[in-house]
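The block underneath contains the structure these notes are about, expressed in structure tokens.
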Amino acid sequence: MAEPTQIVDILKNQVANAIIHRKIVSLGEFCGIIEVPTQVINKHIFHIHDCKADGLIECSQNSADRAATYKNGTPEAPNNLLFIKYEEFVNQFNKSNKCDWSKGLSRVDFIVVTKEFPKHFLMHEVSIGNINSKKADARNQFIRTLDFLLKVPEMKECINQFEIKRCLVSARGCDDIKPTPRGMADGFGRPYKLIPNPSEVRIPVINKVGFTIWKGNIIDVE
């Protein structure tokens, strides 16, 4: 059984190899140094955004582009969450218009796993705009990303060992994360009670491979 942290090695080796060799017409050898960008976050409460602009996963609670808030473990014992910037990982295989090994390959923003033990495996897509308008795009991203990853035997084995497997879509600008008036959003405890929990979306093709899919902005990682 693979350890959760071995997912990085699997991405760097077997998944990278699958990306490079998935084309019928060979683009030649990929000569770049393959990197898997990651960050470990072990805070109880933290907020994230699309990190394309500044490269940072975390943002402040009051940030205009905050897409989601994580409630991670307990204040006394938060989980060590390994965030993998999966979109950034795949993007490195695009070297030019003529040599794009990643062309046509779907890529979610983040893969998130509990670092020490195989409990949570999350695929998280964050975006701009109303969350309801993003569901169809996210659905296709999840389906195609999972289809590709699960065809890599080592990755399939790694994913299947996790107890809780979820696809999550969060969007910036949603009504449920707008700041509350007159400072009501000071601190996390009170707004957490005011913000609706994520709601589950039934998508049989995703459920069939052991994942549930959720839309919302509060991500509870017990």
Per the 1/(1 + (r/R0)^6) rule, R0 = 41 Å and r from the Cβ atoms of residue 156 and residue 52, FRET efficiency to 0.05 is 0.90
Calculate one ³J(HN,Hα) per residue across the range 159-169 by plugging θ = phi - 60° into the Karplus curve 6.51 cos²θ - 1.76 cosθ + 1.60, and present them in order as whole Hz with x for glycine and proline.
4, 5, 6, 6, 6, 10, 10, 9, 9, 10, 10
For the range 1-118, what class follows from the C-alpha gyration tensor (a ≥ b ≥ c being the square roots of its eigenvalues): rounded when a/c is under 1.5, otherwise prolate if a/b is larger than b/c, else oblate?
oblate
Taking 0.36 nm per residue of separation between residue 147 and residue 116 and subtracting their Cα-Cα distance, the length gained on full extension comes to 8.6 nm
If you count, for each residue, the other Cβ atoms within 10 Å and average over each peptide, how do 7-17, 202-212 line up from highest to lowest?
7-17, 202-212
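All of the numbers you see were taken from the coordinates with simple rules; none came from a lab. Just so it is clear, the structure is predicted and the values come from calculations on it, not from any experiment. With ideal geometry, Cβ positions are generated from the backbone for all residues, glycine too; neighbour counts draw on all protein chains shown.
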